[in-house]
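Worksheet: the structure to be examined is printed underneath.
Every read-out reported here was derived from the displayed coordinates using simple, explicitly stated rules and does not represent laboratory data. Only a predicted model underlies this, so the values are computations on that prediction, with no experimental measurement involved. Heads up, the Cβs are rebuilt from the backbone with ideal geometry, glycines too, and the neighbour counts pull from every protein chain shown.
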Amino acid sequence: MNTITTALGTDRARRLRAALTVLLAGAVAVGAPFYFAPFQVFQLTMVLLYAVALAGLNLLVGFGGQISLGHGAFFAAGAYTAAVMLDRYDTGHLATLPVAAAGCFVLGLGFGVPALRLRGLYLALVTLSFAVFLPPLLKRLEPVTGGSMGLTVDKLQPPAWSGLAEDQWMYFVVLTVTAVALLLARNLLRSRVGRALLAVRDNESAAEVMGVRLSLHKTLAFAWSAMFAGVAGCLYTWVIGFVSPDSFSFVLSITLLAGLVVGGLASLYGPLLGAAFVMYVPSVSQDLSEAAPGVVFGLLIITVMFVAPTGLAGLPGRVLGAVARRLPRTIAALDRTPEADSVPEANSVSEADSPPEADSAPEADSAPEAEPTSPAGSRRPVTTLTPADPAVVDAEPVGAPPRTEKE
């Protein structure tokens, strides 16, 4: 009963802590566009849309256990879907979002079927090939995609009743979509589909024995991942207002995967931290070294992975674990120090309590005297003689013959 009560109390405390964290993060997110400059608001908007893309990649790599180096291709598909609809068909911005999500979901299903028989590096190479050949394909489809020149579309304008600037309105729109996407990913992972993905990731054979359909859930993992990437690409078109094939090279796919690993695999907060890394670290690298920003970027990734092997999301847990391991040792060391200081005091007390030797001297007269050992090893009684003792007067010189009775 006590165990159940403790578990319920711990669960309530965890829920309360999570609710307070969400409320605090929401308050900070809502107040951010009114505090920062327009360019900084733009950077925060980009962090949010990258978080949506990384949330989808996290479903596939972190929770699904599959490697994908072609996530940037799905990102580009969503961006071009929105751009073509806005430029060629003059549709509304909000209408492009579900179309981009549905189109990338179907594309992910189609791409996931041939990848069922592949795993590890082979799957990574196949997905990388998709990211490599898509930009040249977009350049060749010039009547639709605009070729190498790309497409320029209108940005999402704020309504008159909002009273917000363009960057602030775009920030709140992207923030809303990001919150919905992260909530959907969280609920998906806690559903039957999410548990099946975790089982497939941990042990495919055991999952199949338990009744999990491997082909279905692996394909769905690609589909969900592509859908999130398509939504992020649609938001990218809204924010930037321009798309071109060179903006979606295979480097984007590698950068997204690196951002997810740095943020933390299989973590709900990892996509947000990884998105911030993807957005800000290249800018910092450019400021530190204009000649070789890639070198600085690589060194920063190595440093982060050395300090936090499980990603930035797992760094607080590692720090708390280290503190929890060292704290008992520190307390034990502090507890031992007063005991060491009190040892001399104990000795002095014991010596003070013991009777002095001078007081026990009279009692020693009645006791037989000890026989000291001579250097030669022989024993003989030794008596202490004083000048007032008669024995001193009658003492015989050394070497004198013994006295007789007549003497």
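Observations, loosely collected:
- The modelled label-to-label distance for the pair residue 32/residue 89, using points 7 Å beyond Cα in the direction of Cβ, is 3.2 nm.
- When its C-alpha radius of gyration is set against 2.2 N^0.38 Å (N residues), segment 34-94 gives a value of 1.45.
- If you sort the three axes of the alpha carbon gyration tensor as a ≥ b ≥ c, you get a/c of 1.5 or more for segment 4-126 and a/b no higher than b/c, which makes it oblate.
- Added length on full extension, which subtracts the Cα-Cα distance from 0.36 nm per residue, residue 165 to residue 284: 40.1 nm
- Label zone of residue 39 (point 7 Å out along Cα→Cβ, amide N under 18 Å): in segment 144-169 this covers 166-168.
- Two-site label geometry, residue 329 and residue 242: point separation in nm, points 7 Å out along Cα→Cβ: 5.7 nm
- For residue 242, the residues 5 or more places off, or on other chains, whose built amide H falls under 5 Å of its own are 153.
- Taking a ≥ b ≥ c as the square roots of the eigenvalues of the Cα gyration tensor, segment 77-203 is oblate, since a/c reaches 1.5 or more and a/b is not larger than b/c.
- Segment 129-235 shape via C-alpha gyration tensor axes, a/c threshold 1.5: oblate
- Cβ crowding within 10 Å averaged over residues, with 194-205, 57-68 ranked highest first: 57-68, 194-205
- Simple spin-label estimate for residue 198 and residue 17 gives 1.8 nm between the two label positions (7 Å along the Cα-to-Cβ direction from each Cα).
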